Amino acid sequence: MEIKSTKGLHSSQVKAIVYGDSGNGKTSLLGTLPEPKTLIISAESGLLCLDGKDIAVAEINTWPDLISVATMLVNGDLPQFDYICIDSLTELSDMLVKHLESSPEFKDPKMALKMWGEFSKRMTKVIKGFRDLQGKHVIFTALSEDVLDNGTVTKKPYIKGSAVQKMLNSYFDEVFYLGIEDGTGERILQTQPTSSISAKDRSGKLKPIEEPNLNNIINKIKGI
């Protein structure tokens, strides 16, 4: 067993999830990362906002497509990319549901409970697999959902499968909400929680509200 020091942990790679309402600019936010070193794994159809950028994109149409790209990354076949973006977890969760529903094993409605158990296992494995990529900064995006919790409505990242969704924030050190500032209409990244928004910054190096620039935020966390 390797014994490590906590000193210098902020110099390691950043693993984060950015979520927000539809149309708030989650995909365009990925364009603030260094273009030649960024790979977007896209299950979305809204890449037009990145027109003019020169960013590599792996378009995912099926769940096996995703597993293929993940395997390449784990095997070190794409060393030119330092920033891996998964856009979005919401779409990928929907893709996995469709993949499982089309399987003969789960055709019978009586197998619904078993199917959702399999969903939780596969989705969790994929999220942790990308998160734990060595030597890569990893950014996930997701839509937001208003969740009623103990009488309070709170915005949280949304994916299908309540068991996985409940655990989602705990998988990341950085959880950011991409919102629109009242009055100015400008986009902002919220890094600290409020009574109505779920967010966190375990690095302790970010302001509660940051400019929506992922490259600058990563550099702040790393102390550059």
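The values are calculated or read from the model by the stated rules, or taken from the named source; none is laboratory data. The model shown is predicted, which means the values in this text are computed figures rather than measured ones. All Cβ positions, even for glycine, are placed from backbone atoms using ideal geometry, and neighbour counts span all protein chains on display. Heads up: the accessible areas ignore ligands, DNA and RNA and are worked out on the full protein's heavy atoms, side chains in. Shrake-Rupley method; radii C 1.70, N 1.55, O 1.52, S 1.80 Å.
Across Leu89, Leu66, Leu148, mean-square fluctuation computed from a Gaussian network of the chain (C-alpha pairs under 10 Å connected) peaks at Leu148.
Rounded to the nearest 500 deg cm²/dmol, what is the calculated helix-only ellipticity per residue at 222 nm for the chain, with -39500 (n - 2.57) per DSSP H run of length n ≥ 4?
Value at 222 nm, helices only: -8500 deg cm²/dmol.
Quick one: divide the alpha-carbon radius of gyration of the chain by 2.2 N^0.38 Å and tell me what you get.
On the way: Rg = 17.7 Å, N = 224, 2.2 N^0.38 = 17.2 Å.
That works out to 1.03 for the chain.
Quick one: pull the percent of accessible area on segment 82-151 belonging to carbon and sulfur, 1.4 Å probe, ligands and nucleic acids left out. Roughly 52 percent of what the probe reaches on segment 82-151 is carbon or sulfur. Beta bridges from DSSP with both residues in segment 59-208: antiparallel share about 70 percent, rounded to the nearest 5. Here's how it looks for Asp21: its modeled amide H is under 5 Å from those of Ser144, which are all 5 or more places away or on a different chain. The residues of the chain expose on average 53 square angstrom of accessible surface per residue, using a 1.4 Å probe on protein heavy atoms. Shown for the chain are the DSSP H helices of 27 Å or more along their axis, judged by Cα atoms, with a mean Kyte-Doolittle hydropathy of at least -0.5: 112-131.
Placing unit charges on each Cβ (+1 for Lys and Arg, -1 for Asp and Glu) gives the chain a dipole about its Cα centre, and among Ser12, Thr154, Gly185 the Cα reaching farthest toward its positive end belongs to Ser12.
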